[in-house]
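Inspection log for the structure reproduced underneath, given as structure tokens.
None of the figures in this text is laboratory data; all of them are computed from the coordinates on show. Computed from a prediction, not measured in an experiment: that's the story for all the values here. Every residue, glycine as well, gets a Cβ built from its backbone with ideal geometry; the counts of neighbours run over all protein chains shown.
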Amino acid sequence: MKNEPIPHDDPRLTAYALGELDEAEVARVERAVETDEACRAAVDEVRALAQVLERELASESPPELTAVHRAAIATRAKRASRLLPKVVLSVASAAAAVLLALLGRAWLLHGEDETASFAYNLFGDSPPVVGSAPAQVRAPRALEGLGYSGAEGGQPLDSLRQLGYVDGPAHGRFGNRIGASRRLSDLAQLGYAGVEHPSTEAYDRIRERGFTAVASDPLSTFSIDVDTASYANVRRFLNEGRLPPPDAVRIEELVNYFSYAYPEPAGADPFSVSVEVAGAPWAPGHTLVRVGLKGRAIEGLYARPRNLVFLLDVSGSMNQPNKLPLLKRAMSMLVEQLSADDRVAIVVYAGRSGLVLPSTSCEQKETILAALARLEAGGSTNGGAGIQLAYDVARRNFVEGGVNRVILATDGDFNVGVSDRGSLVRMVEDRAKGGVFLSVLGFGTGNLKDSQMEQLADDGNGNYSYVDSLHEARKVLVEELGATLETIAKDVKIQVEFNPAAVAAWRLIGYENRVLAHRDFNDDAVDAGEIGAGHTVTALYELVPAGSEVPGAAGGVDPLRYQTRSGLSAGAAAGELLNVKLRYKEPDGDTSRLLETPVAARVADWTEATDDFRFAAAVAAWGMLLRGSEHAGEADLELVRRLALAGLAGDPTGRRVEFLNLVRATETLRSLRQAERELPSRDER
């Protein structure tokens with residue numbers, strides 16, 4: 001029996017990962033880890049989770065727990081333990097102590113009701129439901145038709161509670177209970193009438209592009225994108241117990257939220273270009289291509305002085321725990337990273353705009369931090385006037401050869417003053433041409449004008465991030481500070497030409513609002529995306545090989561590499577799959593430079609793909625499922641999970657483990673939505 005394979009959920013794998021396995025079993029488990037990919041992935045996942053827990057404990061002082069706190073946490077942990085996978089149940093006393101301390105900190109900061117949610121964020125199963133008395137509110141009309149009522153004396157809500165609905169306010173750092181635990185107000189998101197769920201969040205319609213026949217159009221041209229807001233925003237929806245609206249899901253931003261091990265730049269160019277090709281995991285017979293860019297890291301750059309202007313929304317809508325208080329802590333974290341050569345000014349806007357702090361040297365960090373601490377919310381929002389003042393302050397303190405940037409932090413509600421999108425866009429475009437760039441940080445829920453904030457950042461030669469927690473603030477403003485502030489290349493465009501001898505049709509995954517006309521590639525007057533120091537940028541193409549049926553294909557440019565007017569060129573027979581061209585400008589330049597990378601027509605088996613490639617494919621497939629894409633093929637959440645597990649080894653930050661938890665939340669919420677659709681109609685009853 002000793003030679004029997006070890007199941008990938010065997011508790012011994014967890015004990016091995018934590019260094020607590022009996023010596024007699026170590027050799028056998030090591031053999032399984034070396035030969036079985038599932039066992040190896042399980043071990044990697046446990047180790048990555050342990051790193052996350054250790055990092056959490058190291059980041060703040062452990063809480064002082066009272067006897068009452070300890071008793072309550074022990075009760076929570078006992079309940080949660082029944083929900084954890086077998087692989088976690090075997091965690092020994094050291095790991096249990098880490099979990100207890102983390103849950104204790106959550107208890108002290110956020111109370112009993114949120115501690116279960118925090119446990120879910122770590123382990124991905126539904127925490128115990130904390131209910132209250134029946135809701136004293138009018139039930140949705142659609143449910144009243146079924147006899148349900150939230151008022152006393154009406155039809156009991158037990159049937160809904162069996163589906164996981166609970167009562168109570170929808171606030172708290174961790175939002176609504178995830179998975180099977182949801183509140184009645186969430187029914188508004190499913191289209192039921194009669195539920196008050198005020199929100200002015202706005203998302204532009206995303207129209208997914210299908211396959212294009214190479215015979216009709218062999219070129220794909222688009223602007224690169226380093227924004228990551230969509231991933232954090234999707235995470236926010238899932239953490240609130242809701243599936244995101246399809247138009248909130250920008251697949252390229254989900255993929256680019258993660259960094260990948262692309263080669264460092266060599267030579268004079270500020271970034272490297274690499275391409276990997278393998279079979280498409282969700283579409284047998286198709287090919288998946290990953291184009292990766294890696295910007296030069298800040299360590300390899302001259303440290304330029306920074307002239308920063310914080311443009312902070314202090315309107316009444318910011319008076320929520322996940323808005324102004326989080327904003328103040330996030331900007332304080334940024335200030336702590338700045339050097340004595342840097343300067344910060346603070347402009348606020350509400351009913352009127354004002355200069356809270358003139359441009360101040362970071363030798364006086366205490367003064368800057370004190371100004372942030374004094375900020376309070378109140379009034380309506382005059383975003384346009386605030387932007388004008390912020391740019392004026394940045395211009396007065398302009399540093400030649402330095403970093404000049406306005407950082408706009410808001411919940412996205414521009415409702416007074418210069419609020420029409422056209423005027424705002426023209427303003428930030430003009431200032432960007434003068435060397436003052438714009439970054440946008442989104443906070444909170446209810447007012448998020450996602451599409452407007454994205455466009456302002458893009459046209460301001462900056463980036464757009466959504467900050468849903470201090471962890472995200474640390475990622476954007478500490479870990480990736482160079483990428484956020486230091487632009488190393490601007491107006492970066494990609495143009496890919498496909499060889500008709502090898503490719504019948506192509507599809508760019510995501511980047512729907514970044515597509516350019518082919519002639520724009522060589523037009524230096526056309527704006528495109530920026531790359532920050534250390535940024536990685538990923539684009540994925542799904543290809544239909546030559547000779548295959550093309551699913552739903554639709555029909556001032558450089559000469560084509562693979563075609564002439566009369567047919568295929570000699571280059572088409574050179575054994576190439578495609579040719580990648582990039583154009584970029586120096587941050588202060590006006591003339592672009594061209595890079596070109598031909599790619600051989602060798603399609604690797606998916607088992608040969610790198611772990612990073614598999615993980616990127618997992619994130620893209622997850623995005624397609626969230627969007628309900630018609631091109632998802634055979635993708636399901638189990639495929640997403642398998643692909644993502646392969647990439648956990650290269651996860652020092654623990655973000656890929658978090659991704660797996662979001663996949664679990666997606667699965668639970670999709671199951672719940674299906675159950676809701678199957679509620680009996682009035683006629684059936």
The long-range amide H neighbours of ALA600, using H built 1.01 Å from N in the peptide plane and a cut-off of under 5 Å, are LEU577
PRE reach from ALA268 (point 7 Å along Cα→Cβ): which of the range 466-493 fall under 18 Å by backbone N? 488-490
One finds, for GLU586 and GLN364 with R0 = 41 angstrom and r their Cβ-Cβ distance, a FRET efficiency to the nearest 0.05 of 0.80
Surrounding net charge for PRO587, when Lys and Arg each add one and Asp and Glu each subtract one, Cβ distance under 15 Å: 0
Which far-off residues, 5 or more places away or on another chain, put their amide H under 5 Å from the one on ALA345, with H placed in the peptide plane? LEU308, VAL309, PHE310, THR360
With only Lys, Arg, Asp and Glu charged, each at its Cβ (+1 for the first two, -1 for the last two), find how big the charge dipole of the range 302-475 is about the Cα centre; round to the nearest 20 debye. 260 debye
Residues whose built amide H sits under 5 Å from the amide H of VAL214, excluding neighbours closer than 5 in sequence, are ALA505, TRP506
How far apart, in nanometres, would the label points at GLU376 and ASP420 be if each is projected 7 angstrom from Cα along the Cα-to-Cβ direction? 3.7 nm
Normalised contact order of the range 560-669, rounded percent, pairs of Cα under 8 Å and 6 or more residues apart: 16 percent
Taking 473-483, 628-638 and ranking on average Cβ neighbours within 10 Å, highest first, one gets 473-483, 628-638
Under the Karplus relation 6.51 cos²θ - 1.76 cosθ + 1.60, θ = phi - 60°, what is the ordered set of whole-Hz ³J(HN,Hα) values for the range 306-313, x standing for Gly and Pro? 10, 10, 10, 10, 7, 9, 10, 7
Please report the relative contact order for the range 302-475, taking Cα pairs under 8 Å with a sequence separation of at least 6, and give it as a percent rounded to a whole number. 26 percent
Which trypsin sites (Lys or Arg not before Pro) from the range 569-671 combine a DSSP loop assignment with at most 12 other Cβ atoms within 10 Å? ARG602
Using the number of other C-beta atoms within 10 angstrom as an exposure proxy, rank LEU508, LEU219 with the fewest first. LEU219, LEU508
Gap separating the Cα centres of the range 317-380 and the range 566-634, nearest whole Å: 41 Å
Nitroxide proxy distance, nm - points 7 Å out along Cα→Cβ at TRP606 and GLU336: 4.3 nm
Here the percent of antiparallel bridges among DSSP beta bridges lying wholly in the range 321-456, to the nearest 5, is 50 percent
Choose one of ASN319, LEU408, ALA303: the residue whose Cα lies farthest towards the positive end of the charge dipole of the range 302-475 (beta-carbon charges +1 Lys, Arg; -1 Asp, Glu; about the Cα centre). ALA303
